[in-house]
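Dropping a structure here in structure tokens format, bear with me for questions.
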Amino acid sequence: MGAKAKKALKKSLRKASSSTPQKEEAVDFLPLEGGPGLQLPVEKPTEDISKVVYIGRIPHGFYEKEMEGFFRQFGVIKRLRIARNKKSEIRFASTGCVSGLYETGKSKHYGFIEFEDPGVAKVVAETMNNYLLYEHLLQVHLVPPERIHPKLWRGFNICYKPLDWVKVERKRHDKERTLEERKKLVDKIVKRDEKRRKRIEAAGIDYECPEIVGNVEPLPKKIRFE
């Protein structure tokens, strides 16, 4: 083959290569305004930055001191808080009356722990979820930073003081009652005594119950001296 024939063959190959359609790159979407297709940026996996762990179904008696001693084996604990009831309605079994609202501080059976190392928090969430503790299956999950409430750790270092029930009952028992309140109290006592007498008679027991004498006399009038 001569030199001229070789040149002609090269030109024909170049034309054929330029005329063949090139493969288009895969695109994610086409702009509405027109133009070349665009690809979405590749999202890198986010690192574990959550340090707060939610713990649910906490059993009775497993409180701040016990929880800190148990979870300290995983790593350093920065903060710990158990949700507690602020106020609760107190009813007395004898009368059924509501005495008032008192700060009971009873546990709501869930809490939060913040570790210094996010890796420790991840290990705790993976290993302690559905862990059987005092016949309770703990529910442990990581809390994302964007879902942490700004008031979550308010008052986490306040020591819980149990309610003095003796003081509450003494105050209720020693309060001053009006004449009508005294009459109602005596009437309830007499009704309960009548029911008790009927039960004793129905059982065939020969027993003389002592009479109940209630002090329902009016209060003495104040004497005014001129």
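Work out the FRET efficiency for Ile205 and Asn85 from their Cβ-Cβ distance, taking R0 = 41 Å, and round it to the nearest 0.05.
It comes out at approximately 0.35.
A further question on this structure: What spacing in nm lies between the two simple spin-label points modelled at Trp153 and His109, each 7 Å away from Cα in the Cβ direction?
Inter-label distance under the simple model: 2.8 nm.
Report the label-to-label distance for Lys65 and Asn129 in nanometres (one decimal), using points 7 Å from each Cα along the Cα→Cβ vector.
Reported label-point gap for Lys65 and Asn129 is 3.2 nm.
What's the FRET efficiency of Tyr54 with Leu163 using the Cβ-Cβ distance as r and R₀ = 35 Å, to the nearest 0.05?
According to the calculation, E is roughly 0.80.
Throughout, read-outs are computed from the coordinates displayed, never taken from laboratory work. Keep in mind that this is a model prediction, so the values were computed, not measured. Glycine gets a Cβ as well: all are built from the backbone with ideal geometry, and neighbour counts include every protein chain shown.
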